[in-house]
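Some notes on the structure that comes next.
The values are calculated or read from the model by the stated rules, or taken from the named source; none is laboratory data. Quick caveat, the model's predicted, so the values are computed rather than measured. Positions of Cβ are backbone-derived with ideal geometry, glycine not excepted, and every protein chain shown enters the neighbour counts.
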Amino acid sequence: MSIAILGISYHLPERVETNEDLQRENPDWRMDELYEKSGISARHIAADGETASDLGYQAARKLLDQARVAPDEIDYLIYCTQGPDYFLPSGACILQNRLGLGKHVAAFDFNLGCSGFVYGLQMAKSFITAGAAHNVLLITADTYGKLIHPRDRAVRTLFGDGAAATLIGSTEGVGQIGQFVLGTDGAGAKNLIVRSGGFRTPRSAETAVEVTDDAGCTRSQDNLFMDGPAIFAFAVTTVPRTLTALLQKSGLAADAVDWYVYHQANRYMLEHLARRSKIPPEKMLIDVDVVGNIVSASIPLAICRAVEAGKIQPGQRLVLVGFGVGYSWGACDIVWE
């Protein structure tokens, strides 16, 4: 018996924000230069009142409608988001009810960003291997657009909103989820953070005070902050080591991998990481142009869109690598069913 990804669906908000829109709103931004580095020309942004769980519900509904597995055959619902509807209850509980899943389902949230999909796959495989589940529904959804100050070009040009739903189960086919390498370094927490809003620093008039930094980016403590150079330095040192460790653990040669599907941070970072690990450019999947960085949903979205485009074929081997906020990272190898 193999444990495999049985299907992926995604959902993007209707509203599209293009670089031309941002240029009109911010005449002083050099959008051509920003595009050259990011490779992002547009991103989808959730509407007011539209939450990550709304996007996740739509993605999951599409997946369940494909009828690969009946809803009453799903045993676990795992929901990864950093944009919860409420402090409590768990968004997974709300999604269980909205999706009409059985009351036998175990449902819970976990708060991870760009590594969340790989962590979710590891949990799903563990539950199935242990005999606790036959089928696991993993929903990854984020709405960073709600956290970003409109005058913070360091992040507004990069991040979009979106969701993906992934079904993991046992199969007799060729698909298989292989080995995992995971890691954490909380010393980097301060470099990608929303400082206020939790119980450590509740939102207040003081946290809402806006400050413009030396780079001309405006934000308050209520907004997302990213130290871009620090995140880049983390990625270019940690990700190549993680890839090497995964290939050794899996017993794979680098040229045996058909596709490298990394967290879709931005084009510049992905191209740099490919060079650092000597990955042929044609094997590094890059899909950020019209969706941007959608955090926990970026890897499954890239896979799904590549399957739709006929790039990823059954039987091909993929290496998935997520990395970012936390710091947190994870990698695994799969054979696509």
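What the table shows:
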{"item": "Yes/no for R276 being free of Cβ contacts under 8 Å to residues at least 60 places away in the same chain, basic (K, R), out of contact with any Gly (no Cβ under 7 Å at 6 or more places or on another chain) and assigned by TED's automatic domain parsing to the domain that holds G292", "result": "yes"}
{"item": "Qualifying residue in region 124-140 (condition: surrounded by fewer than 17 Cβ atoms within 10 Å (Cβ to Cβ), touching a Lys or Arg at 6+ places or on another chain (Cβ under 8 Å) and assigned to a loop (DSSP other than H, G, I, E, B))", "result": "no"}
{"item": "Residue check for F180: among the aromatic types (F, W, Y) and either touching a Cys at 6+ places or on another chain (Cβ under 6 Å) or more than 15 Å from S328 (Cα to Cα) (or both)", "result": "yes"}
{"item": "Leading residue by the ranking (farthest from G83 (Cα to Cα)) among those in region 193-211 that are of a type outside the set (A, V, I, L, M) and surrounded by fewer than 12 Cβ atoms within 10 Å (Cβ to Cβ)", "result": "E206"}
{"item": "Residue, farthest from the chain's Cα centre (by Cα), within region 1-42, restricted to residues that are among the aromatic types (F, W, Y) and more than 22 Å from E337 (Cβ to Cβ)", "result": "W29"}
{"item": "Failed condition for G186, given (1) under 22 Å from A331 (Cα atoms); (2) crowded, with 17+ Cβ neighbours inside 10 Å", "result": "(2)"}
{"item": "Which numbered condition F234 misses (of (1) hydrophobic (A, V, I, L, M, F, W, C); (2) more than 19 Å from V295 (Cβ to Cβ); (3) at pLDDT 95 or above)", "result": "(2)"}
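Conditions (1) in a loop (DSSP other than H, G, I, E, B); (2) of a type outside the set (F, W, Y), marked per residue:
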residue	(1), (2)
I8	no, yes
P13	yes, yes
W29	yes, no
E36	no, yes
A46	yes, yes
G49	yes, yes
D54	no, yes
